[in-house]
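The structure under discussion appears below in the form of structure tokens.
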Amino acid sequence: MKRGEKMVKMITSKGLSEENLEEEISKEVVQGHISATECVEPSNKISTSKFCEIFDVEPLQTNLNSIRTPLTNLNNNVQTPNPISNNSFLDSQITPYLPNDQPGPSRIIVRSPVSDSASEQSTEVFHSNYSKISNNIVIPESDISSEGDDDSCSNSIPESQHDFSPDDTDNDPDFFLREDLAVSSTSSEDDTATINEIQENIDQDGNEKAKKGRKRKAVPEEWRKNKAKLLRNCGKAYISTSKSRKQMPERQMKPTCTEKCKIKCYNKISEEKRQLIFMNFWKMGDLDKQRQFINKHVTAIKPKYRYIREGSTRKDFNHAFNFEVDREMIRVCKTFFKNTLGISDRPIRTVISMQNSIVGGFLKDDKRGKHGKHNKLNIAIIDGIKEHINSIPRMDSHYCRASSNREYIEGGLSIAQLHRDYVTKCRTENVPHADYQIYYNIFTKEYNISFWSPKKDQCEDCAAYNNAENKEPLKTKYDSHLEEKDLVRKEKELDKENTNGKCITAVYDLQAVMPCPRGDVSNFYYISKLNVLNFTIYELGSKDVNCYVWHEGEGGRGVNEIGSCVLSYLKSLQENIKDDFEAIFYSDNCCGQQKNKYMIAMYIYAVTNLKNLTAITHKFLIKGHSQNEGDSAHSVIERNISRSLKSAPIYVPEQYITLIRTAKKKGNPYRVHELNHESFFDIKKIADSVGSNYSINEDREKVKMGDIKVIRVEKIHNDRFFYKCSYKENNFKTVLIKTRASKTKKNLSSELQPLYSTKLPVSDSKKAGILTLIDKNIIPRFYKNFYENL
């Protein structure tokens, strides 16, 4: 006896009248339904009709490892339903529980046909793609989109640092204020992804994990082919990843079968339910789940009799196609099945061919590219590569440790050279070795090693302390050394923030010598070249850079040339600034160029003769830690030169000038000042006009120029200078330059004497070597006149 017949018999046995019989049956059905769902109360209204009833309930809280949620997890907020007809549509099999952000049709309107009964009313049911999601729902990690890592690590660079080199060896965290990671998102999914990403980069002690390799990690979710694959599995339009880049249309539900259908399935399921089946099938967005659905609704039937022709490849089974509607399996024809799902024969044939491997009613997962038969490298070879890399001497970055764990190998090595040494070692030991690509992948992904040690890492005092066996005697001096380094950088940041129209803060330095001619031709490496010099002044406030360029035939690189460039820069400030202002300079501790009495005399000359310049303060960076913002300008120039050398050699200094002008691609370009021998003045003679005492202060203490950290001169006291020997000192000490003997001399004259009357001679061997390349047509003859006149 069926369950329905048993229920009717029980109600009939109660002796009810026919008028109350229908009502009692409805109550029993409702109680049975509530019992099956553990008395849950629907929260939303129910559409009741002759053919369709749909419950719109709150989505279920799903577990990452579960495909379907048991009925016991339903929230107890469902109202008591109206009587359910025999044709109520409660097919949870074709309505999978999906995340809210899964692609698919967003809304469907199901209209129930009007019933002849007066007790039934037509109702519209809006299925809104599970728009109401509870706050406690768990979103799978695969559905959360997150941003990938860069070499840059995922740290944002402030606007004030955009001029700096992107490589972390050119960034100094000690004088670049590192911003905290800004987490901004527009949805809870993005927030969750960002938080998870941050937590993955933090170890149990709360410290940021070290970057394992120098290469950034792959983010498969952002790959173009994977995005196209997701759209394809969801039935959405996408662009093919093949060479054709063909636009593939969106999946559409096709018409039903025609009247010629033998089983008349076009009358069995309404268009609204077909649309709901189509939507939920493509809403799954997973090929394996879609195959499982097809497998469940395609049944193999073995006919009793079959006549098979000889040589026929026809299978032993026929197949029946079904859809589950209102908990009832309705058989349909193949055409109706395909057109409802919007698929072709291919997915069905694939599922039928896989049915032989069914285990427990489930098809095997898609094994394309996952067969596990890939060639694997012997673990002994991998260990041999790591052993060879670990045997290479390297050192940590001394000043980049706050933001980088990159290590450095000294010398002009490369990965290719290391691989050649590795192969030689393996052949000597008669053991197998890997090719270059495998060695390269392990070197770049498992290690964070660079072949160039930053200039800022070369500190003699720090190296002496670190290499000392007994560090106790050196500890006091070492700690004071680091403290001075931190203080000057903090002071530079404060001066940078306070820069305005009345205070100009700048750093200046001489760039590394640029040889000329320069190219990839081997003959260039065996001759002496002409040295091209570039002195840069970087304004910290406006980020403007002034480049003073000349070659060794026009001037040297001593205090006269450096002082002339600084004086020229101060004169340009005088012309552009109408109000009173003072200048603050930062530089390294080169005694031959700027840390000497001649530079102090030039500063006094400048504040005396420039009307609006009231004071000059020069602060020296700590020895071995003199990296500054000017290094970024040098880095940008060097990169532009390297790019240019890939296309053509550099033959004359004028080409360097063009490359410097065009080096900066964003913001204000570098201002280049072309200097010749007439641009330099004799700065040393200014010192004789100022005075003779630079070594004894007012307290009769001896002044050691190498110990000075800060120098200051003022317009109102142009006969003295002030200095500090430590950034921990609060007060300046004073040195009176004009003694009794020097007070009788003339005051500073506004006229400067030229340093050179003619061009500087270039050595005969250097000139002859370059002319030899011209005679061999290695250097175009167009430049012969320039080199002959050196």
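The values are calculated or read from the model by the stated rules, or taken from the named source; none is laboratory data. Remember, it's a predicted structure, so these values are computed and weren't measured experimentally. Every residue, glycine as well, gets a Cβ built from its backbone with ideal geometry; the counts of neighbours run over all protein chains shown.
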**Fill in**
Expected output for the range 457-480 (first residue more than 23 Å from Glu407 (Cα to Cα), partner exposed (fewer than 12 other Cβ atoms within 10 Å of the Cβ) and at pLDDT 80 or above, Cβ below 9 Å, 6+ apart or cross-chain) is Ser480/Lys728
**Fill in**
Counting only residues that are part of a helix (DSSP H, G or I) and more than 25 Å from Phe786 (Cα to Cα), the range 542-564 contains a total of 5
**Long-range neighbours under 6 Å by Cβ, at least six apart or interchain, first residue of a type in the set (Phe, Trp, Tyr) within the range 752-767, second modelled with pLDDT of 90 or more and surrounded by 11 or more Cβ atoms within 10 Å (Cβ to Cβ)** = Tyr756/His677
**Prompt:** Among Lys367, Lys296, Lys376, which is modelled with pLDDT of 85 or more and either surrounded by 12 or more Cβ atoms within 10 Å (Cβ to Cβ) or within 30 Å of Ile442 (Cβ to Cβ) (or both)?
**Reply:** Lys296
**Request:** Residue by residue through the range 497-515, note down the ones that are crowded, with 20+ Cβ neighbours inside 10 Å and closer than 23 Å to Asp580 by Cβ.
**Result:** Ile504, Thr505, Ala506, Val507, Tyr508
**Prompt:** Which condition breaks for Asp396 when tested against (1) modelled with pLDDT of 85 or more; (2) acidic (Asp, Glu); (3) under 30 Å from Glu483 (Cβ atoms)?
**Reply:** (1)
**Request:** Specify which of the listed residues (Ile584, Ile537) is in contact with a Cys (Cβ under 7 Å, 6 or more places away or on another chain), modelled with pLDDT of 95 or more and not small (Gly, Ala, Ser).
**Result:** Ile584
**Item:** Scan of the range 313-331 for residues that are touching a residue at least 40 places away in the same chain (Cβ under 8 Å) and not hydrophobic (A, V, I, L, M, F, W, C), ordered by number
**Value:** Glu324, Asp326, Arg327, Arg331
**Request:** Counting only residues that are within 39 Å of the chain's Cα centre (by Cα), give me the strands (runs of 3 or more DSSP E) lying completely in the range 610-714 with at least 1 of them.
**Result:** 613-620, 671-674
**Request:** Could you list, in sequence order, all residues of the range 226-256 that are in a loop (DSSP other than H, G, I, E, B), more than 29 Å from Thr335 (Cβ to Cβ) and within 29 Å of the chain's Cα centre (by Cα)?
**Result:** Thr241, Ser242, Lys243, Arg245
**Asked** What residue, of Lys227, Lys236, is without any contact (Cβ under 8 Å) to a residue 40 or more places away in the chain and over 25 Å from Glu324 (Cβ atoms)?
**Response** Lys227
**Members of the range 525-536 found to be over 20 Å from Arg639 (Cβ atoms) and not in a loop (DSSP other than H, G, I, E, B), listed by number** = Tyr525, Tyr526, Leu530, Asn531
